[in-house]
Amino acid sequence: MKRTYYLLILIFVLVISSAAQAQEEEAEHDSPISLEHFRLNGYGSLNYFNFDWQTDPSRRDVVDLERFVLYPGYVYNDKFQIRGEIEFEHGGTGITKEFDRFEEFGEFETEVEAGGEVLLEQLHIVYSPSSRLNFRFGKFKLPFGIVSVEDEPTEYFTTTRSPSMSALIPTNWYEIGLQVFGHLGNDERFSYAVSLVNGLDATEFSSANWVMRGQQGKFETINAENMALALRLDYELREEWTVGLSGYFGNSSDNRPKPDLEADAYVSIIDGHLMIEEGPITFRAMGLYGHLQNSDLVSQANRNLSNNLNVKRTPVGSDALAYYGELAYDLSKPIGIQDRLDVFGRYEFYDSMYKTVAGVISNNPRWERTAYTAGVNYKPIEEIVFKAQYTHRVLGISEDNIENTFSAGVGFEF
């Protein structure tokens, strides 16, 4: 840990030194605070779901004001700016109730999400001395996989963000720390991001969602006994053709609310992704593999947690796997309309207990999920989208394993 802190201090000193020099150079050009320097963007989504599930025949139809997000910002000059993100989830704030049929054995679960569901998702300073080298300080998004960069409802085809990703890892994934990002090379086709942030909390890991719930936020402060390193590298093969890798590595044992796990619990995740837009065709593909060290010891420690902590306390898989492919075609020209009309198909597989510690933790086939989705997106203007889709999902259990869902919604950005 000392090496990590020394590295942070060194990076901080170098950045502050560079920033101070830049400020001296820009001092004579500085202007007072002005409303012209403020920026505000945002997006939102509203969805309807109809369920026909063999796994849960009594599941009711629902409507969900999924989220409304605001991006406030202030630009000081061409090198310094502040960015924030405020998210309103599910139309309100406070304590919510959730009926968990499987991981809580059919009990009502009380959800306290960071004191409510109005969340300050991001708040950071950006320092941009050049296109090749930029810095973020504060709370920011980890650019992991496709879902983190195609995260607004006008950018993804499904009514909700990627189910395979949101079932295994935090999405969107926000942590506190330092990020260095930019481009490599003169043509700027290589882009990179390196992040040093607080690690996950292993008390929240579970059978159904692997490490997804491990993002800290229940308490007023974030434990940073264990730091984590996240990397991303993308290469633009040609315009609108991008291939890339992202990775995450960090211990999660010492960030638990109490020091009740002596063993390490390193989380290692890697993904590969491909995004292509060529004329009316859009294609995206992603593969993710993750490993949790000492998952048996994590599971044992979690079983002894207090009910007051409100965590799942279910066995955790040692390895998780997910992959998907998605193809869309814009029908606007073939049918002679000006508005964009995409039809799409999607295949995905995800298993939060792909591997378990043999003889200690049973591999529950319920969490092996295969989904087939077909749907349509209609955009009367670029900033508004209407969506509808049908998903046929098959679980790994031998009977009563079909989950069919029709969903429709609207999304917007500004």
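Coordinate-derived values only; no laboratory data. This one's a predicted model, so the numbers in the text were calculated from it and none came from an experiment. Counting neighbours? That spans all protein chains shown, and the Cβs are built from the backbone with ideal geometry, glycine included.
What percent antiparallel are the DSSP beta bridges of region 235-383, to the nearest 5?
Numbers: 60 of 60 bridges.
The antiparallel proportion sits near 100 percent.
Quick one: net charge around Arg132, please, counting Lys, Arg +1 and Asp, Glu -1 for every other residue with C-beta under 13 Å from its C-beta. Could you put the intermediate results ahead of the total?
On the way: positive: Arg189; negative: Asp187, Glu188.
With Lys, Arg at +1 and Asp, Glu at -1, the net is -1.
Restricting to lysines 8 or more places apart or on different chains, can you count the pairs in the chain with Cα atoms under 24 Å from each other?
So the count works out to 16.
Can you give the charge dipole size of the chain about its Cα centre, rounded to the nearest 20 debye, using +1 on the beta carbon of Lys and Arg and -1 on the beta carbon of Asp and Glu?
Values: 35 positive and 62 negative charges, 147 e Å.
The calculation lands at about 700 debye.
Among Gly375, Phe205, Ile169, which residue has its Cα positioned farthest towards the positive end of the charge dipole of the chain, with +1 placed on the Cβ of Lys and Arg, -1 on the Cβ of Asp and Glu, and the dipole taken about the Cα centre?
Phe205
Within 15 Å, Cβ to Cβ, of Arg39, how many net charges do the neighbouring residues add up to if Lys/Arg are +1 and Asp/Glu are -1? Intermediate values should be presented prior to the final figure.
Values: positive: Arg83; negative: Glu36, Asp78, Glu85, Glu413.
For residues surrounding Arg39, the net value is -3.
State, in angstrom, two size descriptors of region 136-283 derived from its alpha carbons: Rg to one decimal place and Dmax to the nearest whole number.
Radius of gyration, then largest Cα-Cα span, for region 136-283: 16.5, 55 Å.
If you average the C-alpha positions of region 358-381 and of region 149-202 separately, how far apart do those two centres end up, in angstrom?
Result: 20 Å between the Cα centres.
Report, in debye and to the nearest 20, how large the dipole of region 210-369 comes out about its Cα centre when Lys and Arg carry +1 and Asp and Glu carry -1 on their Cβ. Kindly include the intermediate steps, with their values, before the conclusion.
Working: 16 positive and 22 negative charges, 146 e Å.
Around 700 debye, computed over region 210-369.
In vacuo Debye scattering of the chain, one point per C-alpha: log10 I(q)/I(0) at q = 0.08, 0.12, 0.13 Å⁻¹?
Values, matching the q order: -0.47, -1.10, -1.30.
Given the Cα atoms of region 216-317, and with Rh set as the inverse mean 1/r over their pairs in the Kirkwood sense, what is Rg to Rh to two decimals?
Details: Rg = 18.5 Å, Rh = 16.3 Å.
Taking Rg over the Kirkwood Rh, I get 1.13.
Could I have the simple spin-label model distance between Asn186 and Thr370, label points 7 Å from Cα toward Cβ, reported in nm to one decimal?
For the pair Asn186/Thr370, the computed spacing is 5.1 nm.
Can you give the Kirkwood hydrodynamic radius of region 314-396 from its Cα pairs, in Å with one decimal? Walk me through the numbers before you get to the answer.
Working: mean 1/r = 0.0657 Å⁻¹.
After inverting the pairwise mean of 1/r, the radius is 15.2 Å.
Based only on other Cβ atoms within 10 Å, what is the fewest-to-most ordering of Leu229, Leu237, Leu341? Write down the numbers at each step before the final one.
Details: Leu229 15, Leu237 11, Leu341 19.
Least crowded to most crowded, the residues run Leu237, Leu229, Leu341.
Provide the net charge surrounding Asp296, with neighbours chosen by a C-beta distance below 14 Å and charges set as Lys +1, Arg +1, Asp -1, Glu -1. Please report the intermediate quantities before stating the final value.
Values: positive: Arg303, Lys355; negative: Glu262, Asp264, Asp319.
Overall, the nearby charge balance is -1.
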